[in-house]
1. Assess whether Asp77 counts as being surrounded by 14 or more Cβ atoms within 10 Å (Cβ to Cβ) and under 18 Å from Gly115 (Cβ atoms).
2. Do we have Pro154 as out of contact with any helix residue (DSSP H, G or I) (no Cβ under 8 Å at 6 or more places or on another chain), outside any strand (DSSP E or B) and closer than 14 Å to Ala56 by Cβ here?
3. Could you count how many residues in region 117-154 are surrounded by 14 or more Cβ atoms within 10 Å (Cβ to Cβ), within 19 Å of Ile68 (Cα to Cα) and touching a residue at least 40 places away in the same chain (Cβ under 8 Å)?
4. Please indicate, with yes or no, whether at least one residue in region 107-124 is away from the ligand (no atom under 16 Å from the Cβ), part of a loop (DSSP other than H, G, I, E, B) and of a type in the set (Val, Ile, Thr).
5. Examine region 79-95 for a residue that is touching an Asp or Glu at 6+ places or on another chain (Cβ under 9 Å), in the same structural domain as Ile135 (by TED's automatic domain parsing), more than 12 Å from the ligand (Cβ to nearest atom) and over 18 Å from Ala39 (Cα atoms), and state whether such a residue exists.
6. For residues in region 36-67 being of a type in the set (Val, Ile, Thr) and not in a strand (DSSP E or B), which is nearest to the ligand (Cβ to nearest atom)?
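The values are calculated or read from the model by the stated rules, or taken from the named source; none is laboratory data. Keep in mind the model is a prediction, meaning the values are calculated, not measured. Here the Cβ positions follow ideal geometry from the backbone for every residue, glycine too, while neighbour counts run over all protein chains shown.
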Amino acid sequence: MMSSAVPARRSILVAVTIVAASLLGACTTRSVPPVPRVAIRHSWARIADSGATSGAYMEIDNNDTVPITLVGASSPDAGAAEVHETMQQDGMAHMMPRTELRIPAGDVVTLAPGGLHVMLVDVRRTLAVGDSLRITLRFSDSTSVVVPVPVRAP
Ligand SMILES: [Cu+2]
């Protein structure tokens, strides 16, 4: 049963791609690149003063049938946005940059306080409760997702 189910699913994906390509066909000469079926949930960022540092957290849900790799982030609301991981070493918390964050097919990676996060360096305005900012996540297949991120008290 498995061997027949997989090709059937592929043909549905191919059919969807063809429909998408024909909708854009009038002004596109190349085939449409594959879009990762990524869902971002429960995003939020810490309050911060203008010029200070904030952290953003979320769940990245890979609904696709192939792994995806997060390779970077940016935000119009911060001087820099970097994917970090907080780790405990010798009883001290310290942060390491994560240049690649792999999310297996059908899996969820959670960015949460004390672990993975998007570090927002030099925020361009005061981030107060009720504000919202935007973060763009970039993936290794050259696709990106813009994430609305509400600001909360930690
Ligand atoms: Cu950090």
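1. So Asp77 does not fit the description; no.
2. Answer is yes for this residue.
3. Within region 117-154, residues that are surrounded by 14 or more Cβ atoms within 10 Å (Cβ to Cβ), within 19 Å of Ile68 (Cα to Cα) and touching a residue at least 40 places away in the same chain (Cβ under 8 Å) number 12.
4. No, because not a single residue in region 107-124 is away from the ligand (no atom under 16 Å from the Cβ), part of a loop (DSSP other than H, G, I, E, B) and of a type in the set (Val, Ile, Thr).
5. yes
6. Thr53
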